[in-house]
Amino acid sequence: MSGKEYRTITDVKGPLVFLNKTEPVAFGEIVQLRLSDGTMKNGQVLDTSDDQVIVQVFEGTASVDRQTGVKFMGDVFKLPVSTDLIGRILDGAGRPRDGGPEIVADEMADIIGAAINPYSRESPESFIQTGISAIDACTSLVRGQKLPIFSAAGLPHNDIALQIARQAKLVGSDDDFVVVFCAMGITAEEYNFFVHDLERTGALENACLFVNLADDPAVERLITPRLALTAAEYLAFEHDYHVLVIYTDMTNYCESLRQIGAAREEVPGRRGYPGYMYTDLAMLYERAGLVKGKKGSITQFPILTMPGDDITHPIPDLSGYITEGQIVISRELHQKGIYPPINVLPSLSRLMNAGIGEGKTREDHKSVSDQLYAAYAQGRELRGLVAIVGEDALNERDLQLLKFADIFENQFLRQGRDEDRSINEGTLDYAWELLSNIDTKYLVRLDQKWIDKYHPTDKKE
Amino acid sequence: MSEENGVIYRISGPVVTAMGISPRMYEVVRVGDEGLMGEVIELHGDQSVIQVYEETSGISPGEPVVRTGQTLSVQLGPGLLTKIYDGIQRPLPELEQTMGVFITRGVDADGLDHEKIWEFTATAKAGDDIASGAVLGTVQETETIEHRVMVPPGTSGVIKSIKSGEFNVTQTVCTLEDGTEIAMMQKWPVRTPRPFIQKYAPDTPLITGQRILDFLFPLAKGGTAGIPGPFGSGKTVTQQQLAKWSDAQIVVYIGCGERGNEMTEVLTEFPHLIDPHTGKALMNRTTMIANTSNMPVAAREASVYTGITIAEYFRDMGYDVALMADSTSRWAEAMREISSRLEEMPGEEGYPAYLSSRLAEFYERAGRVETLSGDDGSISVIGAVSPPGGDISEPVSQGTLRIVKVFWGLDAGLARQRHFPAINWLNSYSLYPPALNQWYRDNISNDFPEVRTEISALLQVEAELQEIVQLVGSDALPVDQQLTLEVARMIREFFLQQNAFHDVDTYSDLKLQYTMAKAILSFQEESKKALAGGAMLEDVVNVPARSDLMRGRFAEGYAEKIEGLLDEMNKQISATMEAN
Ligand SMILES: Nc1ncnc2c1ncn2[C@@H]1O[C@H](COP(=O)(O)OP(=O)(O)O)[C@@H](O)[C@H]1O
Ligand SMILES: [Mg+2]
């Protein structure tokens, strides 16, 4: 089927070209376009019939004309995979970007990726210590989870992602993570920041990067995360690696999706994004997890920037409906100079319960987490009240809670970019120490037996 | 080219157009060289439009399309329970065997195991004149559920022979005088409701063990409920709680376009959970449909029909069935996606114009009925709704609320305060209490409806008082109103909040719920007396026995202890008068 070059382009619209009268072309088939000046472009079939074929062109349609040659490659998009991917930097379409050789394929893997049979999944329940107290105590991460970072422009989500990548480990195991990093439309500066940090810590040798930057073709972004996840699946499920996938920025990905939808004149869903965006995102996010009979795992950290800091915007909204929780970065905390500025209140880890407690982290973890959360939530609420009625109107309990909110932000949340706190001493014991600023009688979420055992002053030795 | 075989003309995602065949609407066809399963959803000139239940990439125009003559149907018979299926009733364990852990395509699998041998006990006998739906015999399908083998709808006559013994589901167990052979398995087209004699008005509550649901916003057996809420507000946990603890005899749980790990959770948890009503594993009464968000959308569209048809089949045996669909919004989105590929004229927010009628038809398949065999059976349907941004003014929420009789409104604010279940008690409602009050009077207590009314009224008053408190602080209120606030707080923290992950708190039987509610009212009454007798509010609300009463609910055997704890609390409250 491949080989024949068509010059039957009838229409070009945005990133799409429309062709007439071809031999049968498969849905999803890979396409090569040759421009009159010899430039090559790549694309994929979005719609096919006896009369017309619609191709989305990854590099955009600039300079495409009716004389452009179009060749159908007879296959869907595949990525050459092998363990040689580790330590390599590839571009957004999977070609070497680091000057190294082509990847010698051990296998050619279809990048769309098949759904994991829900019956074949295994429940994620191994606690990952990130060394960041806010996450470890309140939104604990487990291996095989997909936990996005909901951030916004100008906030230090990249630092947090990198800190997690550097520090993440299973307590009591020396299995290391391999990082698969996927850049979608981020700036060269942001990218360099990632690469330098990975280099600095030696993590680059244990990472595989797929890079589409802001000045790279926008439509290509639609395949970049699929390449990254295909590589991740291969490493996790064929070679037993524990893979941490970081992709950023999902917002750019969704913009590309919207662009294609608009060019096809589809009926848009909310705010112009395609109605199938939920399904499309699910086909990325659901490629995380553990499966029966395989040693490896895929843990995902998608980063997205919320347009207008709005968590109800379709991009965070649809993501939150699919992922297993979210870590929300707060502009307010950032402006107070607190790093990491994680707002634990709207943050959630849906898989936390399975990963913490006796035998996993510590028996008091759940209680401590609930108590921190409740005390901080109440303290923050009181700030609002104090602004109206003044501190004098508060009773003793409220005053303590109000003070605790500051302690929580300034001591518990705040930590260094290279500060790696262990779950027991660094995070939970520290939480007890800070909670002891509140009278024990107000700590209603803590079981008496944990107070007896862990409270720094009230414990019974 | 024969009428039976055509070719693909066009492929656009899950929608394929074929030429050269003239199938019936909703007929199942085989698409492409790999024979992917599809269903005809539109006929248009000489073109037949097909939604394909498997991934279509790599398929080309010119590949064959073959008719099957069948409409999309499920296989019904012994072997449905404890199973997990995809949206078109393919058993997921079997797919794993043939495909491995990733779901590829082109594999067919029977909904029922055709090899497995069941012990059939005939209850009808030769010479009986039997009608459609009559019970011919039984099979002990699981430890707790007796499967009633029925005459398929549309079949009737005089039994020529029937025998007890060991059979697989396709073997004949009964032959009629006219030669009709009846096996244990029957097939039913999923888009057609199964017949019954008549619908009855529901009169019995579906008891869920969830205090806010049973006590304030009850669902009736045979009723319908919608649970809308933004992500993270507790739709799935609530649905799973209902699947675990509701007193239905059969549970059909549909994971429609949601997370894979949530289905895994149900699969790993249910076999270990004990049904409080039977003392046996909950799995025995459960069938699951899992068509997760990343599985093909056309099969997602079909999954709710597959689920409700299985539910109807068990209803026809005279069982009370509860069906949960998490989430109906994903089903609606699947409709929207297919519809937009068909280039249909979109309605509101891109949904097809027939969205609300499809929702209505689906919920209409719920109900309490007289079955064809004269029995009483019911299906209660509980649908989760996932409104974008949590805003329920959107079409799926609105379409659902027009139909369902119970609205459990999840509230992001409550979830953020970790008040679970995050059901907003001010805007949620149930239209069933008038129909159920007699049942409560007969089975729980004669004043049950009045107690409920009092509890809801206190919550309403609290909301009004809170508005004042926001402006002036609570100290400015007269002491009786401050007490009302305390009582309402007790309702919220002691009664409405219920931790699904706590071994004991996860379930409260209805009698205990009633006792707890009475305890709150008793606290109110005793406190009023004490205050009138000169006690200080501060002392009254802080009597130690009150927190023992409240915290006691986390301990095993609370139902036996609560009366004693209550007496102690009341004694201590009285004592606060003497202190002054
Ligand atoms: N009844 C409950 N008890 C305790 N926690 C709950 C309860 N309901 C919800 N939660 C918490 O809220 C989280 C989100 O609930 P979930 O049902 O998954 O939300 P949704 O399906 O609406 O996105 C859960 O992971 C759990 O931590
Ligand atoms: Mg959910």
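Just to compare against my own numbers: the Cα pair-distance distribution for region A:253-319, 5 Å bins, whole % per bin, please.
Bins of 5 Å from zero give 4, 15, 22, 21, 15, 10, 7, 5, 2 percent of pairs.
Would you count, across region A:314-461, every pair of lysines whose alpha carbons are under 27 angstrom apart, provided the pair is eight or more residues apart or spans two chains?
Going through region A:314-461 pair by pair, I get 22.
Does anyone have the angle between helix B:433-443 and the longest principal axis of chain B? Alpha-carbon axes, 0 to 90°, nearest 10?
So the inclination is approximately 70 degrees.
Which order do B:Phe448, A:Phe77 take when ranked by solvent-accessible area (1.4 Å probe, heavy atoms of all protein chains), largest first? Don't skip to the end; give the middle numbers.
Numbers: B:Phe448 0, A:Phe77 30 Å².
I get A:Phe77, B:Phe448, largest accessible area first.
Restricting attention to region A:368-408, which chymotrypsin sites (Phe, Trp or Tyr not before Pro) occupy a DSSP loop and are surrounded by at most 14 other Cβ atoms within 10 Å? Walk me through the numbers on the way to the answer.
Numbers: sites: A:Tyr373, A:Tyr376, A:Phe404, A:Phe408; in loops: none.
The qualifying sites: there are none.
At 1.4 Å probe size, put B:Asp391, B:Asp442, A:Asp47, A:Asp452 in order of accessible surface, largest to smallest. Please list the in-between numbers first.
Numbers: B:Asp391 80, B:Asp442 110, A:Asp47 10, A:Asp452 40 Å².
Ranking B:Asp391, B:Asp442, A:Asp47, A:Asp452 by accessible area, largest first, yields B:Asp442, B:Asp391, A:Asp452, A:Asp47.
Apply the Karplus curve 6.51 cos²θ - 1.76 cosθ + 1.60, θ = phi - 60°, to the phi angles in region A:212-223 and return the couplings in whole Hz, x for Gly and Pro.
3J(HN,Hα) across region A:212-223, in whole Hz: 10, 9, 4, 9, 8, x, 5, 5, 4, 4, 6, 9.
In whole percent, what relative contact order does region A:383-461 give with Cα contacts below 8 Å and a gap of six or more residues?
Details: 39 pairs, mean separation 21.6, N = 79.
With pairs under 8 Å counted, the relative contact order is 27 percent.
Which value, in debye to the nearest 20, describes the size of the charge dipole of region B:3-109 about its Cα centre when Lys and Arg Cβ atoms bear +1, Asp and Glu Cβ atoms bear -1, and nothing else is charged? Mind showing how you got there, number by number?
Values: 7 positive and 15 negative charges, 37 e Å.
So the dipole magnitude of region B:3-109 works out to roughly 180 debye.
Report for the protein assembly as shown the percent antiparallel among DSSP-assigned beta bridges with both residues inside it, nearest 5.
Values: 112 of 169 bridges.
So the antiparallel bridges amount to about 65 percent of the total.
Enter the Cα centre distance for the pair region A:48-95 and region A:327-348, rounded to the nearest angstrom.
Each part reduced to its Cα centre gives a spacing of 40 Å.
Lys/Arg Cβ at +1, Asp/Glu Cβ at -1, dipole of region A:107-238 taken about the Cα centre: which of A:Tyr119, A:Ala207, A:His157 is farthest positive-ward?
Projecting each Cα onto the dipole axis, the largest value belongs to A:Tyr119.
Where a Cα-Cα gap under 22 Å defines reach, which lysines qualify for B:Lys528, not counting those fewer than 8 residues away within the same chain?
B:Lys518, B:Lys571
Karplus couplings for region B:224-229 from phi (6.51 cos²θ - 1.76 cosθ + 1.60, θ = phi - 60°), rounded to Hz, Gly and Pro as x?
Those phi angles translate into 10, 9, x, 10, x, x Hz.
Compute the relative contact order of region A:138-281 as a whole-number percentage, counting only Cα pairs closer than 8 Å that sit 6 or more residues apart in sequence.
Details: 163 pairs, mean separation 34.2, N = 144.
Averaging sequence separation for qualifying contacts and normalising by length gives 24 percent for region A:138-281.
Rounded to the nearest 500 deg cm²/dmol, what is the calculated helix-only ellipticity per residue at 222 nm for chain A, with -39500 (n - 2.57) per DSSP H run of length n ≥ 4?
Working: 12 runs with 129 residues, N = 461.
Computed ellipticity for chain A at 222 nm equals -8500 deg cm²/dmol.
What is the percent of Cα-Cα separations in the protein assembly as shown that go past 49 Å? Provide the component values of the computation, followed by the final result.
On the way: 159132 of 541320 pairs.
Summing the P(r) tail past 49 Å for the protein assembly as shown gives 29 percent.
Which one, A:Leu345, A:Met283, A:Pro96, projects farthest toward the positive side of the charge dipole computed for chain A from Cβ point charges (K/R +1, D/E -1)?
So the residue we want is A:Met283.
Assigning unit charges at the beta carbon (Lys, Arg +1; Asp, Glu -1) and nothing else, what dipole magnitude in debye, to the nearest 20, does chain B show about its Cα centre? Display every interim value, and only then the final one.
On the way: 48 positive and 80 negative charges, 56 e Å.
Charge dipole of chain B: 260 debye, to the nearest 20.
Provide the FRET efficiency to the nearest 0.05 for the A:Glu125-A:Lys336 pair, computing r from the beta carbons and using R0 = 41 Å.
Values: r = 35 Å, r/R0 = 0.86.
The formula returns an efficiency of 0.70 here.
Please work out the C-alpha center-to-center distance from region B:114-160 to region B:376-412 and express it in whole Å.
About 37 Å separates the Cα centre of region B:114-160 from the one of region B:376-412.
Cα centroids of region A:282-314 and region A:103-155: how far apart, whole angstrom?
Taking the Cα centre of each part, region A:282-314 and region A:103-155 sit 6 Å apart.
Take every Cα-Cα pair in chain B and report what % of them are more than 35 Å apart.
Numbers: 75790 of 167910 pairs.
Here the tail beyond 35 Å accounts for 45 percent of pairs.
List the GluC sites (Glu not before Pro) in region A:101-160 that DSSP assigns to loop (not H, G, I, E or B) and whose Cβ has at most 14 other Cβ atoms within 10 Å. Which are they? Don't jump to the answer; show the numbers that get you there.
Working: sites: A:Glu102, A:Glu107, A:Glu122, A:Glu125; in loops: A:Glu102, A:Glu125.
Passing both the DSSP loop test and the Cβ count: A:Glu102.
Once you've got the Cα coordinates, tell me which of B:Lys280/B:Lys561; A:Lys41/A:Lys71; A:Lys292/B:Lys235 are over 18 Å apart. Spell out each step's value before the answer.
On the way: B:Lys280/B:Lys561 26 Å; A:Lys41/A:Lys71 10 Å; A:Lys292/B:Lys235 27 Å.
The answer is B:Lys280/B:Lys561; A:Lys292/B:Lys235.
So for chain B, averaging the separation of alpha carbon pairs under 8 Å that are six or more residues apart and normalising by length, what relative contact order in percent results? Intermediate results must be reported in sequence, preceding the final value.
Numbers: 1237 pairs, mean separation 73.5, N = 580.
About 13 percent, as a whole number.
Checking the cross-link filter: which lysines have an alpha carbon closer than 22 Å to that of B:Lys199, excluding same-chain neighbours under 8 positions apart?
Answer for B:Lys199, where 22 Å is the Cα cut-off: B:Lys221, B:Lys405, listed by chain and number.
Only four residue types carry charge here, +1 at the Cβ of Lys and Arg and -1 at the Cβ of Asp and Glu. Report the dipole size of the protein assembly as shown about the Cα centre in Debye, rounded to the nearest 20. Present the calculation step by step, with values, prior to reporting the outcome.
Details: 95 positive and 149 negative charges, 116 e Å.
Roughly 560 debye, rounded to the nearest 20.
By how many nm would the segment from B:Lys511 to B:Ser393 grow when fully extended, if each residue of separation counts as 0.36 nm and the alpha-carbon distance is taken off? Write out the running numbers ahead of the final one.
Working: separation 118, 0.36 × 118 = 42.48 nm, distance 3.72 nm.
Value of the extension gain: 38.8 nm.
Of all the stretches in chain B, which is the longest one without any exposed loop site, taking GluC sites (Glu not before Pro) in a DSSP loop (any state but H, G, I, E, B) with at most 10 other Cβ atoms within 10 Å? Don't skip to the end; give the middle numbers.
Working: sites that count: B:Glu3, B:Glu115, B:Glu556.
Result, exposed sites excluded: B:116-555.
Of B:Gly279, B:Leu359, B:Ser293, which is farthest on the positive side of the dipole of region B:261-384, counting Cα position, with +1 on Lys and Arg Cβ, -1 on Asp and Glu Cβ, and the Cα centre as origin?
Positive-most Cα among the choices belongs to B:Gly279.
Quick one: order B:His114, A:His196, A:His334 from most to least accessible surface, probe 1.4 Å. Could you put the intermediate results ahead of the total?
On the way: B:His114 45, A:His196 110, A:His334 70 Å².
From most exposed to least exposed: A:His196, A:His334, B:His114.
When DSSP assigns beta bridges and you keep just the ones with both residues in chain B, what percent turn out antiparallel, to the nearest 5? Intermediate values should be presented prior to the final figure.
Numbers: 65 of 92 bridges.
Antiparallel: roughly 70 percent of the beta bridges in chain B.
The values are calculated or read from the model by the stated rules, or taken from the named source; none is laboratory data. The structure presented is a predicted model; accordingly, all values stated were derived computationally and were not measured. We place every Cβ from the backbone using ideal geometry, glycine too, and count neighbours over all the protein chains shown. Protein only, heavy atoms only, side chains kept; ligands, DNA and RNA dropped before computing areas. Shrake-Rupley method; radii C 1.70, N 1.55, O 1.52, S 1.80 Å.
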